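The values are calculated or read from the model by the stated rules, or taken from the named source; none is laboratory data. What you are looking at is a predicted structure, and each value in this text was computed from that prediction instead of being measured. For neighbour counting, all protein chains shown are included, and Cβ atoms are generated from backbone atoms with ideal geometry for every residue, glycine included.
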Amino acid sequence: MKTRLLFFLFFLGICPFCMAQQNPIIIEKSDTLTYNKRIDSLYKPALGAKGVFKKDSEVKLIELTWIQMLSDLSDFLYDQKYRWRFNMTMSCTVCFSKGETVDYFIYDFDKNFLLPKDEENFVRLLKLFFQDYRLPFDNKTAFKISGKVDFN
């Protein structure tokens, strides 16, 4: 009985972490104040002086992976019939867990041209895209990478 109780308590403690990895959290940039310290403490920068990836081959792999991920996202949005009303520039930060999955996707549009309905649909599609997205390599350290993407 004691073993079952311990297993049950262990399962309850682990379950939220399992679910968090399966469902990435999508955050609009203005909502990040409460997340900044947590994200900065959990995710190291991918590139730069304090970056996780330092070798030329690693830096090249991360750059190509970033470009491919954004291209795949753009294709996915197009396939889902998501259309932009204007040319949009989005700043984003993607936080990857140890392993291959996305924990957080933080976004901000340079101009606030998105209607609330369009933004809700955009966020829904982001969740759908990143739910199944995997890095093409297995990383040993949680990291974050930031950049801008133009949507037409």
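A quick yes/no check of all residues on (1) more than 15 Å from ARG134 (Cα to Cα); (2) among the polar types (S, T, N, Q); (3) at pLDDT below 85:
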residue	(1), (2), (3)
ILE27	yes, no, yes
SER30	yes, yes, yes
ASN36	yes, yes, yes
GLY51	yes, no, yes
LYS54	yes, no, no
LEU77	yes, no, no
TYR82	yes, no, no
CYS92	yes, no, no
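Please enumerate the residues belonging to the stretch 126-152 that are crowded, with 18+ Cβ neighbours inside 10 Å and under 12 Å from ILE26 (Cα atoms). Scanning the stretch 126-152 gives LEU126, PHE129, PHE130. Scan the stretch 98-119 for residues that are surrounded by fewer than 12 Cβ atoms within 10 Å (Cβ to Cβ), in a loop (DSSP other than H, G, I, E, B) and either hydrophobic (A, V, I, L, M, F, W, C) or modelled with pLDDT of 85 or more (or both) and the total you get is 1. Quick check on my filter: what residues within the stretch 55-67 are surrounded by 11 or more Cβ atoms within 10 Å (Cβ to Cβ) and without any contact (Cβ under 8 Å) to a residue 40 or more places away in the chain? If the condition is that a residue be surrounded by 11 or more Cβ atoms within 10 Å (Cβ to Cβ) and without any contact (Cβ under 8 Å) to a residue 40 or more places away in the chain, then GLU58, VAL59, LYS60, GLU63, LEU64, ILE67 are the ones that fit. Can you find even one residue in the stretch 120-127 that is of a type in the set (Lys, Arg) and part of a helix (DSSP H, G or I)? Checking the stretch 120-127: at least one residue is of a type in the set (Lys, Arg) and part of a helix (DSSP H, G or I). Considering only residues that are farther than 14 Å from SER74 by Cα and either basic (Lys, Arg) or without any contact (Cβ under 8 Å) to a residue 24 or more places away in the chain (or both), which ones fall in the stretch 128-152? Of everything in the stretch 128-152, those that are farther than 14 Å from SER74 by Cα and either basic (Lys, Arg) or without any contact (Cβ under 8 Å) to a residue 24 or more places away in the chain (or both) turn out to be ASP132, ARG134, LYS140, LYS144.
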